[in-house]
Amino acid sequence: MTKMTRTLAIVAGLVAVSAAWAADGWSTQVYDGPGWVRYGMSTHPLNMSSTPTYTGVQDPNLVYNVGNAWGGYNWVKTTATDSAAAGTAIATGQKTYNNAINWSDFNVAIMPTIVEVFHGLGRATGTISSVQWSHATPASFSNAHNVSRNNYAAIANQMLNGSELDVIMGCGNPDFDNNGMPASLDPKYVGGAATWSQLKAGTHPGSWQLVQTKAEFEALTTGNPTGRFLGTAQVYSTLQQARSANGQGGGYGNPSGDAFNQNVPTLATMTRGALNILDNDPDGFFLHIEGGAVDWANHANQAARMIEEQMDFNRAVEAVVDWVNTNSNWNETLLVVTADHECGLLWGPNSATNPFEPIVDKGYGQVPDMAYNSGDHTNSMVPLYAKGKGAELLVNLIDGNDPIAAAAWHYSHGWNGDYVDNTDLFTLMTASGAKNVIIMISDGAGHNTFDATSMYEGRWVPEPSSLLLLALGLLLRRRFTR
């Protein structure tokens, strides 16, 4: 066989491999495989106030704009939403000021939330998170309405005292610290001391079954659990991210090198348990699932812990897909995977002086070369993936196109830069006609958070055409430099 023949044979093989990747998403994340639709999503708030302004007028400077978004870092760093306003926008379809939990700029409750819609249809509902269950995002996906996200005890009691939710899971356990060790902390995240005492005694008027231990969470994934369940893991702030730096871990999946808390469930376990409870309703259900501590890691510029948290989120996505394939089907279930906003302005290693430099893949099990340019939220676009009943409706909700974003972030099956707004997701979820609606939010995760984790997991695959051109170039270079 001549060198040219060998070269052509290798190129032909690469074409076949590229075609296979394009066809079935091999080696990519489950939400970047066949059958998914892919868009970007804008996340701007109504205004930058932290209290009602009584105008209800959208600040035009905050609206996502391609020129502003890619004209340096200043605009995206100074026009960002917080998680409360972002969660409210998705859960109600209405923009509001930063700090609001399903509360309007006119200082009244925004009605209804997506949970209230599904409850009104006679369907089961749930909200779960890897942070405190009364925190901004899980609270937004509930029956809670409050002028301030910081009124944790009041929000928790609204969630518990209403009839709308059937499953609540998260952190905030005042009897344990961030390392899962016994403690006595502020019970505000679980409704205050009186409410927490009722829950532990089994006397809460909401008839909640309190679940705390890892074994109890795991037990919910099997059998036929019935009733209302409040899962409050034995940890205070987050399942894992807020644990101490102990240097006693290591290995793949633990890039921080710090041993994980062993007494708490994973987000995937919570997800399986919640699905096993909610699918008892023959009419269907709504479930919100949040990888909340991704945001906490990005705020702290903890690249390794961000990857740990995003991996936990990815395993939860896989758990949902497995449930749909085993217990339902894509003709009756809608799954949406997205983020509420970007946090950390994560770009390449020299991005402080070379804005928007790409992050650098270092291979399987290696944290990519990258750098944070902020410790807060930004107004950058976030990714949006959807599959199942009604996902095709997103094409009718497109608000704009960002070709620069399309060039910067390559979904394995292509994306032309079309994007929707976060308020459009409420429209999608209510108009989809799906029996079951599941929305998964990786809090604070921009495109580079998703991509960095895929690189670490060995699941990041360049566009097939780009891969082929690169391989062909390398082969020809080798041939003509010998």
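Output the peptides 443-452, 396-405 sorted from most to least packed, where packing is the average of other Cβ atoms within 10 Å over each peptide's residues.
The packing order, highest mean first, is 443-452, 396-405.
For the modelled label position 7 Å from the Cα of N107 along Cα-to-Cβ, which residues of the stretch 38-81 have backbone nitrogen atoms closer than 14 Å?
Correct set: 50-56.
DSSP loop (so not H, G, I, E, B), at most 15 other Cβ within 10 Å: list which chymotrypsin sites (Phe, Trp or Tyr not before Pro) in the stretch 312-411 pass both filters.
In loop regions of the stretch 312-411 (DSSP not H, G, I, E or B), the sparsely surrounded chymotrypsin sites (Phe, Trp or Tyr not before Pro) are Y364.
Sum -39500 (n - 2.57) across every DSSP H segment of at least 4 residues in the chain, then divide by the residue count to get the 222 nm mean residue ellipticity, nearest 500.
Roughly -10000 deg cm²/dmol at 222 nm, from the helical runs in the chain.
May I ask you to list the lysines whose Cα is less than 22 Å away from that of K95, ignoring any residue fewer than eight positions away on the same chain?
K77
Give the residue list of GluC sites (Glu not before Pro) in the stretch 308-417 that are DSSP loop and have at most 14 other beta-carbon atoms within 10 angstrom.
E332
Rounded to the nearest whole Å², what accessible area per residue is found for the stretch 80-154 with the 1.4 Å probe?
Here the per-residue accessible area is 22 Å².
Report the label-to-label distance for D322 and A407 in nanometres (one decimal), using points 7 Å from each Cα along the Cα→Cβ vector.
4.1 nm
Taking H as built 1.01 Å from N, whose amide H comes closer than 5 Å to the amide H of E290, not counting residues under 5 places away?
When sequence neighbours closer than 5 places are left aside, the close amide H contacts are I128, S129, S130, I441.
Could you report the stretch 194-282's accessible area per residue, 1.4 Å probe, as an integer in Å²?
In whole numbers, the stretch 194-282 has 41 Å² accessible per residue.
If you rank Y97, Y39 by how much accessible surface each has, with a 1.4 Å probe, what is the order from largest down?
These residues rank, largest area first, as Y39, Y97.
Given R₀ = 35 Å, FRET efficiency for D186-N224 by Cβ-Cβ distance, to 0.05?
0.45
Among Y236, L278, A259, whose Cα projects farthest towards the positive end of the dipole of the stretch 235-298, with charges put on the beta-carbon of Lys, Arg (+1) and Asp, Glu (-1)?
Result: A259, furthest along the dipole toward the positive end.
With every protein chain in place, what's the accessible area of L384 (1.4 Å probe, Å², nearest 10)?
0 Å²
For a label point 7 Å from the Cα of K77 along Cα→C-beta, name the residues of the stretch 334-348 whose backbone N is under 15 Å from it.
343-348
List the chymotrypsin sites (Phe, Trp or Tyr not before Pro) within the stretch 184-271 that DSSP assigns to loop and that have no more than 13 neighbouring Cβ atoms inside 10 Å.
Y252
So if we plug the beta-carbon distance of S244 and V395 into 1/(1 + (r/R0)^6) with R0 = 41 Å, what FRET efficiency do we get, rounded to 0.05?
The computed FRET efficiency comes out at 0.30.
Could you pull out every one of the lysines with an alpha carbon less than 25 Å from that of K188, ignoring same-chain neighbours closer than 8 positions?
K200, K214
Take each complete run of DSSP H in the chain, measure how far its Cα atoms stretch along the helix's own axis, and keep only those covering 15 Å or more with mean Kyte-Doolittle hydropathy at least -1.0; list them.
3-24, 267-278, 303-327, 464-480
Suppose every Lys and Arg Cβ carries +1 and every Asp and Glu Cβ carries -1, with no other charges. What dipole size does the chain come out with about its Cα centre, to the nearest 20 debye?
With only Lys, Arg, Asp and Glu charged at Cβ, the dipole is about 1180 debye.
Carbon and sulfur atoms: what percent of the 1.4 Å accessible area of the chain do they account for?
That fraction is 54 percent.
The values are calculated or read from the model by the stated rules, or taken from the named source; none is laboratory data. Model, not experiment: these values are computed from the prediction. Note that each Cβ is placed from the backbone with ideal geometry, even for glycine, and that neighbours are counted across all protein chains shown. Only protein heavy atoms, including side chains, enter the accessible area calculation; ligands, DNA and RNA are left aside. Shrake-Rupley method; radii C 1.70, N 1.55, O 1.52, S 1.80 Å.
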